[in-house]
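K.L.:
Have a look at this one.
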Amino acid sequence: MPAPLGAPRARGLIPPAEFLPLAEVHGLMGPLTERVLQCAIAQLADWRGRGLDLRISVNLSASNLLDTGLPGRLAELLTRHAVPPASLVLEVTESVLLTDPERSLAVLAGLTALGVAVSIDDFGTGYSSLAYLRDLPVTELKLDRSFTADLCTDERTAAIIAGTVDLAHRLGLRVVAEGVEDDRTLARLHALGCDVSQGYLHSPALPAPLLERWLLDREVVPASPSR
């Protein structure tokens with residue numbers, strides 16, 4: 001039966017690429033990011049209260065990095081929920097930073113001053129990666145899936161990843177590989193010293209309750225944080 005006029009339609013899980021551009025165009029990215037941050041930090045507080053010391057990553061858009069009030073609001077959220085800033089990772093892409101570099105860097109400096117981690121997402125696909133490694137207080141690099149997909153079939157790609165991991169570690173950065181889909185790729189990344197991997201080999205995206213069950217099933221639930 002058709003839904004009554006005006007009733008919400010259930011579409012299930014909607015990929016970010018389908019709605020984020022609309023949110024950006026209509027000036028809704030700020031409120032949307034605020035809501036995501038509120039949910040993420042509340043979830044971190046809930047997990048910590050039950051002995052799960054996990055990190056959550058949240059993507060920031062170009063408009064977020066032009067919002068000079070964001071660091072203050074984020075500080076209030078972290079304080080209200082008693083969540084350590086290092087438990088939150090803020091992901092930015094090089095293309096986002098290029099929108100207004102001076103203002104973006106100022107906002108990022110305010111965010112990192114809180115103690116939150118900063119990750120360069122889709123690393124290797126931009127044009128100024130090394131400059132950002134020099135100028136930003138970056139904590140993490142996320143290797144784009146286009147590199148991990150070819151790791152086991154292209155030696156030039158393998159050389160790039162090996163060099164990137166070595167450089168990142170020399171700078172004290174964590175390396176995350178995106179798009180890991182098979183055991184062979186995972187083993188090669190491990191041999192190269194990559195710190196963390198994500199992808200469908202491990203699991204699709206899961207809501208918090210199912211993620212907790214996933215962790216329990218694998219008996220890798222992190223220990224309670226030290227008091």
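K.L.:
Mind checking which of ASP100, ASP46, ASP217 has the largest fluctuation in a GNM of the chain, springs on alpha carbons under 10 Å?
P.N.:
Looking only at ASP100, ASP46, ASP217, the largest GNM fluctuation is found for ASP217.
K.L.:
Which residue, ASN64, LEU54, LEU88, has the largest displacement toward the positive end of the dipole of region 50-110 when charges sit on each Cβ (Lys, Arg +1; Asp, Glu -1)?
P.N.:
LEU54
K.L.:
Something else: Can you tell me, using C-alpha contacts under 8 Å and at least 6 residues apart, the relative contact order of the chain as a whole percent?
P.N.:
Once normalised by length, the contact order is 16 percent.
K.L.:
Turning to a different aspect of this structure: Among all stretches of the chain without exposed chymotrypsin sites (Phe, Trp or Tyr not before Pro) (DSSP loop, at most 16 other Cβ atoms within 10 Å), which one is longest?
P.N.:
Longest run free of exposed loop sites: 1-126.
K.L.:
With the chain treated as a Gaussian network of Cα nodes joined by springs under 10 Å, which of PRO137, PRO84, PRO21 yields the largest mean-square fluctuation?
P.N.:
PRO21
K.L.:
Turning to a different aspect of this structure: Per DSSP H run of n ≥ 4, the term is -39500 (n - 2.57); total these for the chain, divide by its residue number, and report the mean residue ellipticity at 222 nm rounded to 500 deg cm²/dmol.
P.N.:
Estimated from H runs of four or more residues: -14000 deg cm²/dmol.
K.L.:
In units of 2.2 N^0.38 Å, what is the alpha-carbon radius of gyration of the chain?
P.N.:
1.09
K.L.:
Can you compute the charge dipole magnitude of the chain about its Cα centre, using +1 on each Lys and Arg Cβ and -1 on each Asp and Glu Cβ, nothing else charged? Give it in debye, rounded to the nearest 20.
P.N.:
So the magnitude is around 680 debye.
K.L.:
If you build a Gaussian network model of the chain, linking Cα atoms that sit under 10 Å apart, which residue out of LEU98, LEU22, LEU108 swings the most?
P.N.:
Most flexible of the set in this elastic network: LEU22.
K.L.:
Of LEU108, LEU97, LEU143, which is farthest along the charge dipole of region 93-150 in the positive direction, counting Lys and Arg as +1 and Asp and Glu as -1 at C-beta?
P.N.:
Ranked along the dipole, the leading option is LEU108.
Here, each number is a calculation from the coordinates, and none is a lab measurement. Note that this is a predicted model, so its numbers are computed, not measured. Every residue, glycine among them, receives a Cβ derived from its backbone with ideal geometry; neighbour counts consider all protein chains shown.
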